[in-house]
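The values are calculated or read from the model by the stated rules, or taken from the named source; none is laboratory data. Model, not experiment: these values are computed from the prediction. Backbone-built Cβ (ideal geometry, glycine too); neighbour counts: all protein chains shown. Surface areas here come from the heavy atoms of the whole protein model, side chains and all, with no ligands, DNA or RNA. Shrake-Rupley method; radii C 1.70, N 1.55, O 1.52, S 1.80 Å.
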Amino acid sequence: QVQLVESGGGLVQAGGSLRLSCTASGDTFSNYAMGWFRQAPGKEREFVAVIGQSGDDTPYADSVKGRFTISRDNAKKTMYLQMNKLKTENTAVYYCAATLLLATALPIRYKYWGQGPQVTVSS
């Protein structure tokens, strides 16, 4: 098992930046592919970006390509999401997730989830 704790959410103006962190405890972090997902009010949870166990596989949702960067530091057991040029439509609860499977955009494939910090982008 792995436990995930996120930090770094908050309120930011459109065009600004935030960095989310997801720190794991429990099982060996490098065994897990990790992902960021988000859920806006009234919408389904959606894929943002995922990263493979070694960090070399990093697919992104089209809507965040070129603005968001996912990374991980296996020594620190931490995954990051650097979010630049934020837009109001990026407002959502952002969840980190872990799976022992290969990195995938499907939320159902992730067994472990963080609590989800709120990210609010104001106009």
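Can you name the residue in region 63-78 that is charged (D, E, K, R) and part of a strand (DSSP E or B) and is also farthest from S17 (Cα to Cα) among such residues? Looking at the filtered set, the residue picked out is D73.
Scan region 11-30 and report the pairs whose first residue is within 15 Å of K85 (Cβ to Cβ) and whose second residue is assigned to a helix (DSSP H, G or I) and at pLDDT 95 or above, with Cβ atoms within less than 8 Å and a gap of 6+ or a chain change. Close Cβ pairs (under 8 Å, with a partner that is assigned to a helix (DSSP H, G or I) and at pLDDT 95 or above) amount to A14/T88. Selection over region 44-62 of residues that are touching a residue at least 12 places away in the same chain (Cβ under 8 Å), in a loop (DSSP other than H, G, I, E, B) and over 16 Å from L102 (Cβ atoms) gives a count of 2. Restricting L86, L81 to residues that are closer than 15 Å to L20 by Cβ and in a loop (DSSP other than H, G, I, E, B) narrows the list to L86. Looking at this structure, is T91 hydroxyl-bearing (S, T, Y) and more than 26 Å from Q1 (Cα to Cα)? It is true that T91 is hydroxyl-bearing (S, T, Y) and more than 26 Å from Q1 (Cα to Cα). Close contacts from region 105-123, counting a first residue that is outside any loop (DSSP other than H, G, I, E, B) and a second that is modelled with pLDDT of 95 or more and among the basic types (K, R), with Cβ to Cβ under 6 Å and a gap of 6+ residues or different chains, come to P107/R45. Just wondering, is there one or more residues in region 93-116 that are surrounded by 16 or more Cβ atoms within 10 Å (Cβ to Cβ), closer than 14 Å to G9 by Cβ and at pLDDT below 95? Yes, some residue in region 93-116 is surrounded by 16 or more Cβ atoms within 10 Å (Cβ to Cβ), closer than 14 Å to G9 by Cβ and at pLDDT below 95.
Within region 72-87, is even one residue modelled with pLDDT under 95 and open to solvent by 50 Å² or more (accessible area, probe 1.4 Å)? For region 72-87, residues modelled with pLDDT under 95 and open to solvent by 50 Å² or more (accessible area, probe 1.4 Å): absent.
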